[in-house]
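Contents: one structure, followed by commentary.
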Amino acid sequence: SNTLLMDLIERKVLKHANVVITSRHNYLRSKLKYFDSVLTVSGYDPEHQMQHIQRFAEHENKPLSSFQPLIDRMKDQIKDLCSNPLNLTLICLLFMEDNNLMNTRFEIYKSLHHFILQKAGSRLDLGLDEVESSLLSPLAKLSFVAFQNGNSVLKDADFQAESCDVKKVLQLGYLTQKTTISRFDARTRYSFPHKTFLEFLCARYLSETKEQRKSWMNQP
């Protein structure tokens, strides 16, 4: 959405300037043709994975030895998962909770999702079924609609349309709130910390709505 940055990349302004940009892999895909050099980081190697776990252990004030079962598994069964920094962080968080290890990204997100619901239910004094029906299901539907429309943020009007309490939904931990104040008004947006969380909720919504899933899969 930054038109000045796009003009700079496309050399419409300051065309002789050197521009160095870091970005997630998908964000600038349509603009790569304007760069003379493109460098890609494809993932953590074993050395960086160990450094990541060590920093995580230090942050949590845990001895590195307590993560030894995870470190042993990193050499074979979950080697590919651990090459992704986000997945490795989630694995560490879940391992610290119950010493359980997952073999697939789906298992990671499923376990994390259950963990999130438990924590939200405890904070809001609600049962898991009530959290699912009153908070998570509306959020999953809104996520799917946003994804279909090419959006990655939600607005207050979206929650009002679903008669959903946005303050309680924020307790789930799936969204972060950001308010932009201009000279004339203040706009609040709710975004996902990572795109994969949006995709996970979209998949969850499709798995529970047979007709919607059928319609979506038949789209050209």
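Quick grid of which residues meet (1) out of contact with any helix residue (DSSP H, G or I) (no Cβ under 8 Å at 6 or more places or on another chain); (2) more than 29 Å from PHE192 (Cα to Cα); (3) aromatic (Phe, Trp, Tyr):
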{"position": "LEU39", "(1), (2), (3)": "yes, no, no"}
{"position": "GLN49", "(1), (2), (3)": "no, no, no"}
{"position": "ILE78", "(1), (2), (3)": "no, no, no"}
{"position": "PHE95", "(1), (2), (3)": "no, no, yes"}
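Would you confirm whether or not the range 121-135 contains a residue that is closer than 29 Å to ILE78 by Cα and in contact (Cβ under 8 Å) with a residue 24 or more places away in the chain? The answer is no, given that none of the residues of the range 121-135 is closer than 29 Å to ILE78 by Cα and in contact (Cβ under 8 Å) with a residue 24 or more places away in the chain. Taking the listed residues PHE56, PHE35, the one that is at pLDDT 85 or above, open to solvent by less than 70 Å² (accessible area, probe 1.4 Å) and over 24 Å from the mean Cα position of the chain (by Cα) is PHE35, with no other qualifying. Against the condition part of a helix (DSSP H, G or I) and touching a strand residue (DSSP E or B) at 6+ places or on another chain (Cβ under 7 Å), how does ALA120 come out, does it pass? No: the conditions fail for ALA120. Looking only at residues in the range 97-112 that are part of a helix (DSSP H, G or I) and touching a helix residue (DSSP H, G or I) at 6+ places or on another chain (Cβ under 7 Å), the one that is surrounded by the most Cβ atoms within 10 Å (Cβ to Cβ) is ILE108. Going through (1) open to solvent by 60 Å² or more (accessible area, probe 1.4 Å); (2) without any contact (Cβ under 8 Å) to a residue 12 or more places away in the chain one by one, LEU8 falls short only on (1).
If you go through the range 38-53 and keep only what is open to solvent by 70 Å² or more (accessible area, probe 1.4 Å), within 22 Å of CYS82 (Cβ to Cβ) and of a type in the set (Val, Ile, Thr), you end up with THR40, VAL41.
In this structure, does TYR190 turn out to be among the hydroxyl-bearing types (Ser, Thr, Tyr) and modelled with pLDDT of 85 or more? Spelling it out, TYR190 is indeed among the hydroxyl-bearing types (Ser, Thr, Tyr) and modelled with pLDDT of 85 or more. Among the residues of the range 113-122, is there at least one that is farther than 15 Å from PHE197 by Cβ and open to solvent by less than 60 Å² (accessible area, probe 1.4 Å)? Yes; the residues of the range 113-122 include at least one that is farther than 15 Å from PHE197 by Cβ and open to solvent by less than 60 Å² (accessible area, probe 1.4 Å). Taken over the range 203-220, the residue count meeting the criterion of being in a helix (DSSP H, G or I), at pLDDT below 80 and within 23 Å of the chain's Cα centre (by Cα) is 4. For the range 70-88, a tally of residues being over 23 Å from the mean Cα position of the chain (by Cα), part of a helix (DSSP H, G or I) and exposed (fewer than 13 other Cβ atoms within 10 Å of the Cβ) returns 1.
The values are calculated or read from the model by the stated rules, or taken from the named source; none is laboratory data. Keep in mind that this is a model prediction, so the values were computed, not measured. Cβ atoms come from the backbone with ideal geometry, glycine included; neighbour counts cover every protein chain shown. Accessible surface is based on the protein model in full, side chains and every heavy atom, while ligands, DNA and RNA are left aside. Shrake-Rupley method; radii C 1.70, N 1.55, O 1.52, S 1.80 Å.
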